[in-house]
Amino acid sequence: MANRIILILAVLALGNAPRAQAAAFYDLPGAAELSAPPPPPAQEERARTRICVDPGHPNTFNSATNMVNGTNENRINWQVGQRLERVLKEAGYDVVMTRNAELHSVENKDRARICNAAGAALVVHLHCESTPGTGFALYYPDRQGTFDYKNDPENGFRGPSAQVREDSRAFSAVMFNAMRGGLAGTLAAQGVYGDSRTAVGSNQGALTFSIFSEIPTLTIEMVVLTNRKDAEFIKAAAGQEKMAAAIAAGIRLYRAP
Ligand SMILES: [Zn+2]
């Protein structure tokens with residue numbers, strides 16, 4: 001009788017055991033199950049559009065870590081870059097960053113190469129201006145340039161291609177409209193310019209990361225950091241979010257996730 005009660009209790013206990021435990025007792029997988037192929041990927045796992053985000057700066061020529069209005073350009077580029085990465089991922093994009101820390105130093109030609117190699121659809125280079133004035137401005141490669149660093153083995157490298165220049169110009173127009181709308185009443189829209197008119201571009205014909213780019217490339221001078229009002233806007237979390245959202249909107253209008 002005692003044995004029978006124990007048996008009944010054991011059966012009841014097993015009946016109430018969590019399914020995983022019961023499976024461990026009775027449903028050990030056979031060899032066929034162990035070697036079964038993995039299930040096919042779900043529909044949502046199709047290739048997403050990949051965007052390259054380049055928070056500009058630490059490199060051999062400029063760390064951009066000097067303090068301006070209580071912050072520095074490198075820090076702002078990095079902080080907005082991280083927010084943009086998050087916003088783009090939430091919108092369904094794949095995102096490649098050109099650096100992985102605020103003080104991570106990467107040469108400008110390597111920033112372009114990282115984006116090319118990643119198979120990104122386009123790249124945005126995030127910077128802040130430090131000239132008189134206020135507001136945001138966009139620069140795209142309007143001419144082919146020649147890389148001019150005598151000590152670099154790739155000195156004399158020419159680019160970008162006519163296709164990249166044309167696509168970059170179209171991308172810059174779409175981005176300008178999106179940013180002007182997204183930042184209206186907050187930040188002045190300066191305009192869209194060829195990057196041949198920047199300091200480096202006037203020497204090389206184009207910015208270094210434009211010369212090496214094989215994909216549409218755009219430099220965004222997000223604010224004039226030496227302008228106190230611009231600096232207060234972009235130092236605040238709300239301002240950075242607004243900037244990231246405006247840039248993401250421009251990307252989305254040009255290229256769907
Ligand atoms: Zn810069």
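The values are calculated or read from the model by the stated rules, or taken from the named source; none is laboratory data. All values derive from a computational prediction rather than experimental measurement. So basically every Cβ, Gly included, is an ideal-geometry build from the backbone, and we count neighbours across all protein chains shown. Accessible surface areas use protein heavy atoms only, side chains included; no ligands, DNA or RNA. Shrake-Rupley method; radii C 1.70, N 1.55, O 1.52, S 1.80 Å.
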Inset, instruction - Given the conditions (1) farther than 21 Å from N74 by Cβ; (2) free of Cβ contacts under 8 Å to residues at least 40 places away in the same chain; (3) surrounded by fewer than 21 Cβ atoms within 10 Å (Cβ to Cβ), report the number of the one that R165 does not fulfil. - result: (3)
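Among the candidates S168, S210, single out the residue that is under 20 Å from the mean Cα position of the chain (by Cα), within 18 Å of E107 (Cα to Cα) and of a type in the set (S, T, Y). Talk me through it step by step, then tell me what you get.
Values: S168 fails: within 18 Å of E107 (Cα to Cα).
Exactly one of S168, S210 is under 20 Å from the mean Cα position of the chain (by Cα), within 18 Å of E107 (Cα to Cα) and of a type in the set (S, T, Y), namely S210.
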Inset, instruction - Kindly indicate whether R75 is assigned to a loop (DSSP other than H, G, I, E, B) and within 16 Å of the ligand (Cβ to nearest atom). - result: no
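Quick check on the range 97-108: of everything there that is open to solvent by 30 Å² or more (accessible area, probe 1.4 Å) and closer than 13 Å to V123 by Cβ, which residue is farthest from the ligand (Cβ to nearest atom)? Explain how you work it out, then say what you get.
Taking the range 97-108 first, the residues open to solvent by 30 Å² or more (accessible area, probe 1.4 Å) are 97, 100-105, 107-108.
If we keep only those that are closer than 13 Å to V123 by Cβ too, we end up with 97, 108.
Working: M97: 16, N108: 10 Å.
It comes out as M97.
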Legend entry - Enumeration of residues in the range 172-199 that are open to solvent by 60 Å² or more (accessible area, probe 1.4 Å) and in a strand (DSSP E or B): Q190
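Report yes if some residue within the range 147-160 is away from the ligand (no atom under 16 Å from the Cβ), in a loop (DSSP other than H, G, I, E, B), free of Cβ contacts under 8 Å to residues at least 60 places away in the same chain and crowded, with 21+ Cβ neighbours inside 10 Å; otherwise report no.
Initial filter on the range 147-160 (away from the ligand (no atom under 16 Å from the Cβ)): 147-160.
Now restrict to residues that are in a loop (DSSP other than H, G, I, E, B): 147-157, 160.
Remaining after also requiring free of Cβ contacts under 8 Å to residues at least 60 places away in the same chain: 148-157, 160.
From what is left, the residues that are crowded, with 21+ Cβ neighbours inside 10 Å are 160.
There is at least one residue in the range 147-160 that is away from the ligand (no atom under 16 Å from the Cβ), in a loop (DSSP other than H, G, I, E, B), free of Cβ contacts under 8 Å to residues at least 60 places away in the same chain and crowded, with 21+ Cβ neighbours inside 10 Å.
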Inset, instruction - Just give me the residues in the range 206-230 being within 12 Å of the ligand (Cβ to nearest atom), among the aliphatic types (A, V, I, L, M) and open to solvent by less than 10 Å² (accessible area, probe 1.4 Å), in sequence order. - result: I220, M222, V223, V224, L225
Inset, instruction - Identify the single condition in (1) closer than 22 Å to N62 by Cβ; (2) more than 16 Å from the ligand (Cβ to nearest atom); (3) open to solvent by 60 Å² or more (accessible area, probe 1.4 Å) that T131 does not satisfy, given that it satisfies every other one. - result: (2)
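Scan R143, R169 and give me the residue that is assigned to a helix (DSSP H, G or I) and modelled with pLDDT of 95 or more. Before the answer, list the steps.
Numbers: R143 fails: assigned to a helix (DSSP H, G or I).
Only one candidate passes the filter, namely R169.
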